[in-house]
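A short write-up of the structure that comes next.
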Amino acid sequence: MVLITDSETRARHVNVKREQIDHKEYRLGRRILGNLPANTDLIAAAIDLCRQIDIEMATFTISGILSSVTYGVFDPKQQVYVTCCIERPYEIVSCQGNLSPKKDSRFVFAKAVLCDTQGHIICGRIFPGSPLLAAEIELQELLGSPLSRSYDIKTGLQRWCSDADD
């Protein structure tokens, strides 16, 4: 641990130029609890549920078990997710994400911490190709003008952008 005792050094850290953070506020809508169907893809199941109950934007948590997983970690140098597919079951220790519009569809962004039967942990972004054995979802609808996803050339990521102001 480094302690900053020099007042000039401390002042440099405090006076870092801060940019305005682009953000929007939302009202909380419905809170949904449900079982996601076995043998369906985690990403597809979350999108299907939101389509069925007409939700455009939400945050969620998922608990359960995957029969296999496709996950990735972002490489900022290449500006791509480096993905890996593992064909064995994993317990979902923690999974959180959000759903928002992307062009004419819905986009799910989910990150998870997973554990196998030997206690090995993996974590990263969950991609299609991650079928569920059993899972429960807790979904929080967000009400307001939705943010949509679009490609950000600076980062290589699909990021939120405000199409219109409330």
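Details
- Only helices enter the 222 nm calculation for the chain: every DSSP H run of n ≥ 4 contributes -39,500 (n - 2.57), and dividing by all residues gives -3500 deg cm²/dmol, rounded to 500.
- Axis angle, to the nearest 10 degrees, between helix 42-52 and the longest C-alpha principal axis of the chain: 80 degrees.
- Contour minus Cα-Cα distance for LEU33 and GLU136 (0.36 nm per residue): 36.3 nm
- Given charges at beta-carbon only (K, R positive; D, E negative), |dipole| of the chain in Debye: 340
- For region 34-166, the fraction of 1.4 Å probe accessible surface lying on carbon and sulfur atoms is 54 percent.
- Unit charges at the beta carbon, dipole of the chain: most positive-side option, ALA112, CYS85, ILE21: ILE21
- In the complete set of protein chains, residue-level accessible area for THR70 is approximately 20 Å², probe 1.4 angstrom.
- Per residue, the accessible area of region 11-84 comes to 70 Å² when a 1.4 Å probe rolls over the protein heavy atoms.
- Probe 1.4 Å, accessible area per residue of region 88-155, Å²: 50
The values are calculated or read from the model by the stated rules, or taken from the named source; none is laboratory data. Here the structure is a predicted model, which means the values were calculated and not measured. With ideal geometry, Cβ positions are generated from the backbone for all residues, glycine too; neighbour counts draw on all protein chains shown. Please note that ligands, DNA and RNA were not included when accessible areas were found on the heavy atoms of the full protein model with its side chains. Shrake-Rupley method; radii C 1.70, N 1.55, O 1.52, S 1.80 Å.
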